[in-house]
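*Asks:* Before anything else, here's the structure in question.
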Amino acid sequence: SIPFSSAGVIALAADAEKDVWDGTTDTSWYDSEETEFHISTPEELAGLAELVNDGKSMSGQTFVLDNNIYLNDVSKYEKWESVAPTNSWTPIGTSDTYCFSGIFDGSGFSIEGLYISGSDYQYSGLLGYTTDLSEISNINMTYEYINNTYGNKCYAGGITAYSKGKIDNCIFNGTISSSSDYNSYGGGIAGYSSAEISN
């Protein structure tokens, strides 16, 4: 007899139920008076990027992932170098003016299918620019593709492009490239970091 395991069936069922990002943002969950927020959809995660890039640094506030997040269908990931997927990501914190100063805890969940390509952002990553007040942890990035060609000194990182804060227990799987007319920086976890990266 052959032992039967339901694990494969469960995995297939989970794959079939992926809630892939529709390209919109949802900021309805945010209340500036609160200190902890739980993010469970791609639209809410994109909403966090919108809020930070509108000038909210999120200092003193904590953001926790409650689910795996699917930003694109990754079935054609191998072709992303020449054929872009449906959705392009805007980093959480696109500059040293619009930057992230909060706490982001991925709770061990995965963010799948992040795609950025071109010269739109000097700082390209899940998070673009994070300050010395930020703490990023427990994020698993998978099927990620970043190709940053910003014209003058660009940064690309799987978790954070430019990090001044702590990064702990994060995983990256994907492709990172960074090229410019001046200096360029790239890395699987951080393109550039002046702070502790652990585990």
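*Asks:* For the chain, take the longest principal axis of its alpha carbons; what is the angle in degrees between that and the long axis of helix 7-16, to the nearest 10 within 0 to 90?
*Replies:* 60 degrees
*Asks:* Could you tell me which of the pairs 56/76; 18/79; 56/166; 18/56 are separated by over 24 angstrom between their Cα atoms in the structure shown? Walk me through the intermediate numbers first.
*Replies:* Details: 56/76 35 Å; 18/79 21 Å; 56/166 20 Å; 18/56 30 Å.
Long pairs (Cα-Cα over 24 Å): 56/76; 18/56.
*Asks:* What is the Å³ per residue value for the convex hull set by the Cα atoms of the range 97-185?
*Replies:* Working: hull volume 7.0 nm³, N = 89.
With only Cα atoms used, the range 97-185 gives 79 Å³ per residue.
*Asks:* Let me ask you something else. In nm, to one decimal, how far is the residue 82 label point from the residue 35 one, both placed 7 Å along Cα→Cβ?
*Replies:* 5.3 nm
*Asks:* Of the accessible area of the range 130-199, with the probe set at 1.4 angstrom, what percent is carbon plus sulfur?
*Replies:* Details: 1200 of 3110 Å².
The C+S portion of the solvent-accessible surface of the range 130-199 is 39 percent.
*Asks:* Let me check I have the definition right: for the chain, take the eigenvalues of the Cα gyration tensor, multiply each by 5, take square roots. What are those semi-axes in whole Å, largest first? If you can, show how the numbers build up before the last one.
*Replies:* On the way: eigenvalues 140, 88, 52 Å².
The equivalent ellipsoid of the chain has semi-axes of 27, 21, 16 Å.
*Asks:* Give me the distance between the Cα centres of the range 25-68 and the range 86-110, rounded to whole Å.
*Replies:* The range 25-68 and the range 86-110 have Cα centres separated by 9 Å.
*Asks:* The chain: longest stretch without exposed GluC sites (Glu not before Pro) (DSSP loop, at most 11 other Cβ within 10 Å), sites themselves excluded? Could you put the intermediate results ahead of the total?
*Replies:* Details: sites that count: 17, 33, 34, 196.
Free of exposed loop sites, the longest segment is 35-195.
*Asks:* Over the C-alpha atoms of the range 20-128, what are the Rg and the largest Cα-to-Cα span, Dmax, in Å?
*Replies:* My reading of the Cα-based Rg and Dmax gives 13.8, 44 Å.
*Asks:* On to the next question. Let me check the size of the range 62-102 from its C-alpha atoms; what are the radius of gyration and Dmax in Å?
*Replies:* 14.1, 37
*Asks:* Nearest 500 deg cm²/dmol is fine: what mean residue ellipticity at 222 nm does the chain get from its DSSP H runs of n ≥ 4 alone, each adding -39,500 (n - 2.57), divided by its residue count?
*Replies:* On the way: 2 runs with 22 residues, N = 199.
The per-residue figure over the chain is -3500 deg cm²/dmol.
*Asks:* On C-alpha positions alone, give me the angle between the axis of helix 42-53 and the longest principal axis of the chain, in degrees, nearest 10.
*Replies:* That works out to roughly 0 degrees.
*Asks:* Given an 8 Å cut-off on Cα distances and at least 6 residues of separation, report the relative contact order of the chain as a percent. Let's see the in-between values first.
*Replies:* Values: 540 pairs, mean separation 30.8, N = 199.
Worked out over the chain, it gives 15 percent.
*Asks:* Within the P(r) computed for the range 93-136, what percentage of the Cα pairs occupies the region above 14 Å? Let's see the in-between values first.
*Replies:* Details: 513 of 946 pairs.
That tail contains 54 percent of the Cα-Cα pairs.
The values are calculated or read from the model by the stated rules, or taken from the named source; none is laboratory data. Predicted, not measured: the structure shown is a model, and the values here were computed from it. Every residue, glycine among them, receives a Cβ derived from its backbone with ideal geometry; neighbour counts consider all protein chains shown. Accessible surface is based on the protein model in full, side chains and every heavy atom, while ligands, DNA and RNA are left aside. Shrake-Rupley method; radii C 1.70, N 1.55, O 1.52, S 1.80 Å.
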